[in-house]
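Novice: Take this structure, written in structure tokens, and hold onto it; I'll ask about it next.
The values are calculated or read from the model by the stated rules, or taken from the named source; none is laboratory data. What you see is a predicted model, and the numbers here were worked out from it, not measured in a lab. With ideal geometry, Cβ positions are generated from the backbone for all residues, glycine too; neighbour counts draw on all protein chains shown. Heads up: the accessible areas ignore ligands, DNA and RNA and are worked out on the full protein's heavy atoms, side chains in. Shrake-Rupley method; radii C 1.70, N 1.55, O 1.52, S 1.80 Å.
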Amino acid sequence: MTAASATSAGLKPVLVIGFGNPGRQDDGIGPELARRLEGSAPEGVTVDSDYQLMIEDAADVAGHEVTVFIDASTSCPEPFLFREVHPREDASFSTHSVSPEAVVHLAAKCFGGRPRAFVLEIRGYDFDGFGEGLSARAEANLSAAAGFLAGLLRTKDFDAAAAAGTKAKASEGPEPQAGSVLQPDGSGPATGAVE
Amino acid sequence: MVTNASTTAGTRKITIEPVTRVEGHGKVTLHLDEKNNVSQARLHIVEFRGFERFIQGRPYWEVPVIVQRLCGICPVSHHLAAAKAMDRIVGGENLTPTAEKMRRLMHYGQMFQSHALHFFHLVSPDLLFGFDADPAVRNVIGVAAKFPDLAVQGVMMRKFGQEIIKATAGKKIHGTGAIPGGVNKNLSVQERDFFLKDMEQMLAWARSALSIAKDYTAEHLAELKDFGSFESNHLSLVRKDGAMDLYHGVLRAVDAKGERVLNDVDYQEYAKHIAEEVRDWSYMKFPFMKSVGPEKGWYRVGPLARLNTADFIDTPEAEAARKEFKAVTGGKPNNITMAYHWARMIECLHSAEKINDLLHDKDLQGTDLVTKGERREEAVGLIEAPRGTLFHHYRVNKQDQVTMANLIVSTTNNNEPMNRAVQKVAQDCISGKPEVTEGLLNRIEVAIRAYDPCLSCATHAMGRMPLDVEIHDCEGKVVDRRQRD
């Protein structure tokens, strides 16, 4: 298995990776959305999940045209934020966890190409204790994000969605209001409510 | 960030927190005497015992799945240690050949990927760029930029191991492969062939990584010999015939000279031999062997300890490497902290050889997966996790609910040794000036990383852990502080 053999077979269309610890309450948002997506994902969409991102994810990212990371967030706008991931040297990442930016950077360094990646951050609230299941507010945000992602995976207009997310975040300051990102069907940028 | 406090007379204390490329939360405090020499070093790790209580009341068959949520770093080790305990709860500890070999394949896959990750991701930057290189470069991204082939090897070895885990445990999150008394799946021929096609490459890369670790240690032996090093006891499981066995065996401990301290005892009775000391300055306990006492009964676990306790390794290439390793110390235990990396890569090659052997074993396609026997209400499961011996101890009532759980994780077992390593490094670096220099910060990181601590596991808490060092004087005042995110 080499870098060349990992990518020479041609790129697959879309990879979705939900990551987080389901035993840590709202930290499990990413894997939970990945679980719900499994079985209903459109053709050409690969769904995966893990406790955290790690260096081997770089190989999978390099093997797909587009990767969508799903992560819980303690601070993103409610209910969720969709943005593009730009490669970045993340020197501070710790032993067993790598940021989406570092994964994309490592993918480019190790396997070449310019992998495109986005992250769907979903706002969570309870992270401190051991426990299964999401808080009610996180569950509502997850439902909104699930609808958005389902639409996005049909249209595959990732750039427009990310541009809308960035624009909404910039225009609404540090605490944008709920539903300021995209229409739930992912059809294009909007500022209406996301249900 | 650097914060300097006023210098005061008397003993000083230096604190370092948190440590980069080590998961969890911890800090280091260095206590200085009146002459600014290090009198004591303390690695502070916030350990919460919340997880043991979280398990109480749950049905025993859920435990091998639940414990994987301790953290995402070594879920397989917790999965298997809990499953081994629950085997005894259902009287199914004598596994079928297919069940035991599937579990071993899962375990060697975990060991292979974890050791590869640690070496390429964490250690190779220190070895390739030097301890004093800029931390902004001294990381895996720096390795990828300057040594792209090595970075790719690390990524693909980790991926290979993860795929084995997925094939044996069922999935990466909440794997269910090991169940009380056995496993719930075998390995299909298709899955076997998927791994076999890459096996020779994995063996070659494992040999190459071992060569890097061995050559580095040999070339720098003079400077590494004393780096964070000290004499200690060493503890691990070994097979009944004395072979290294990472999955099952009896407990053996040797002292710094190689004399037996624990002579191949049944780990079901670990509580007769091991106790945990509480110290007022640390949330993490300090395990020790009762027969020796807390002062001198602490021990090291992990790759270095396993190389020191085993009489031999039952795979040819790793055994040849073990003999070279032992030759450095004339057959006596190796107490060089930085030799952990060499030992770790011997185990990485051993794991690859074991995976290769298992993939050629038709028992993996067997269909007799589960066994049961006389029900018990208390059991202990032990396994050699990548970072060292992992203890799981449970009591289960007649209603099948867990009533007690006690876990001693590898990092807790290495608590005292990590403190000793930091103290030794600090003593060698600080002389006369109560200052946290960049060089001191780097060396403390390198010494702690040799143990590959899983602090999020030890703390039972998720989170990133940068490095923070404080110097305190004899009156407890902070006289210098440096933090690295």
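Novice: Treating the Cα atoms of the stretch B:293-369 as identical point scatterers in vacuum, please give the log10 of the normalised Debye intensity I(q)/I(0) at q = 0.12, 0.13, 0.18, 0.22 Å⁻¹, two decimals.
Specialist: With no solvent term, the Cα-only Debye profile gives -0.44, -0.49, -0.75, -0.96.
Novice: Now for a different question. Magnitude of the Cβ-charge dipole of the stretch A:11-171, K/R +1 and D/E -1, about the Cα centre, nearest 20 debye?
Specialist: Dipole magnitude for the stretch A:11-171 comes out near 520 debye.
Novice: Would you please name the GluC sites (Glu not before Pro) within the stretch B:31-127 that are DSSP coil residues with at most 14 other C-beta atoms within 10 Å of their C-beta? Write out the running numbers ahead of the final one.
Specialist: Details: sites: B:Glu34, B:Glu47, B:Glu52, B:Glu62, B:Glu93, B:Glu100; in loops: B:Glu34, B:Glu47, B:Glu93.
Sites meeting the loop and neighbour criteria: B:Glu34.
Novice: Nearest 100 Å², what total accessible surface is buried between chain B and chain A (probe 1.4 Å)?
Specialist: Chains B and A together bury roughly 3900 Å² of accessible area.
Novice: Could you work out the local net charge near B:Met102, counting Lys and Arg as +1, Asp and Glu as -1, over the other residues with Cβ closer than 12 Å to its Cβ? Mind showing how you got there, number by number?
Specialist: On the way: positive: B:Lys101, B:Arg103, B:Arg104, B:Lys185, B:Arg192; negative: B:Glu100, B:Glu191, B:Asp361, B:Asp363, B:Asp368.
Neighbour charge sum, excluding B:Met102 itself: 0.
Novice: While we're on this one: Can you show me the helix-derived [θ] at 222 nm for the protein assembly as shown, built from DSSP H runs with n ≥ 4 at -39,500 (n - 2.57) apiece and divided by the number of residues, rounded to the nearest 500.
Specialist: Numbers: 23 runs with 262 residues, N = 680.
Computed ellipticity for the protein assembly as shown at 222 nm equals -12000 deg cm²/dmol.
Novice: I've got another one for you. Rounded to two decimals, what is Rg over Rh for the protein assembly as shown when you use alpha-carbon atoms and the Kirkwood radius?
Specialist: 0.96
Novice: Let me ask another. If you place +1 on the Cβ of every Lys and Arg, -1 on the Cβ of every Asp and Glu, and leave all else neutral, what size is the dipole of the stretch B:267-374 about its Cα centre, to the nearest 20 Debye?
Specialist: Working: 15 positive and 17 negative charges, 108 e Å.
That gives the stretch B:267-374 a dipole magnitude of about 520 debye.
Novice: Another one. Using only the alpha carbons, work out the radius of gyration and Dmax of the stretch B:104-177 in angstrom.
Specialist: 14.4, 44
Novice: Given an 8 Å cut-off on Cα distances and at least 6 residues of separation, report the relative contact order of chain B as a percent.
Specialist: 33 percent
Novice: Considering every pair of different Cα atoms, what Kirkwood radius, in Å, is found for the stretch A:11-171?
Specialist: 15.6 Å
Novice: For chain B, state the semi-axes of the equivalent ellipsoid (square roots of 5 times the eigenvalues of the alpha-carbon gyration tensor), sorted largest first and rounded to whole angstrom.
Specialist: Sorted largest first and rounded, they come to 36, 26, 21 Å.
Novice: Per residue of B:171-181, what is the mean number of Cβ atoms on other protein chains within 10 angstrom of that residue's Cβ? Intermediate values should be presented prior to the final figure.
Specialist: Numbers: counts 3, 6, 14, 6, 0, 0, 0, 0, 0, 0, 0.
Rounded to a whole number, the mean comes out at 3.
Novice: At 1.4 Å probe size, with every protein chain present, just tell me what the per residue accessible area of the protein assembly as shown comes to in Å².
Specialist: Heavy-atom accessible area per residue stands at 35 Å².
Novice: Continuing with the same structure: How large a share of the accessible area of the protein assembly as shown, in percent, is made up of carbon and sulfur atoms when the probe is 1.4 Å and the other protein chains stay in place?
Specialist: 49 percent
Novice: Compute the distribution of all C-alpha to C-alpha distances in the stretch B:132-239, in bins of 10 Å from 0, and list the percent of pairs in each, rounded to whole numbers.
Specialist: Percent of Cα pairs in each bin: 11, 24, 31, 24, 10, 0.
Novice: Same structure again: If you average the C-alpha positions of the stretch B:93-155 and of the stretch B:214-244 separately, how far apart do those two centres end up, in angstrom?
Specialist: Between the Cα centre of the stretch B:93-155 and that of the stretch B:214-244, the gap is 19 Å.
Novice: Kindly identify the stretch B:157-307 as rounded, prolate or oblate by the Cα gyration tensor criterion: order the square roots of the eigenvalues as a ≥ b ≥ c, call it rounded if a/c is under 1.5, otherwise compare a/b with b/c, prolate if a/b is larger, else oblate.
Specialist: Working: a/c = 2.18, a/b = 1.37, b/c = 1.59.
Because a/c hits 1.5 or more and a/b fails to exceed b/c, the stretch B:157-307 counts as oblate.
Novice: Let me ask something additional. State the Cα centre-to-centre distance between the stretch B:392-413 and the stretch B:305-352 in whole Å.
Specialist: Between the Cα centres of the stretch B:392-413 and the stretch B:305-352 lies a distance of 32 Å.
Novice: How big is the charge dipole of the protein assembly as shown about its Cα centre, in debye rounded to the nearest 20, if each Lys and Arg gets +1 on its Cβ and each Asp and Glu gets -1 on its Cβ? Numbers along the way, then the final one.
Specialist: Numbers: 78 positive and 91 negative charges, 152 e Å.
Taking the Cα centre of the protein assembly as shown as origin, the dipole is about 720 debye.
Novice: Any residues in the stretch A:108-139 that have 20 Å² or more less accessible area with all protein chains than in their chain alone, probe 1.4 Å, and which are they?
Specialist: A:Lys109, A:Cys110, A:Phe111, A:Phe130, A:Glu132
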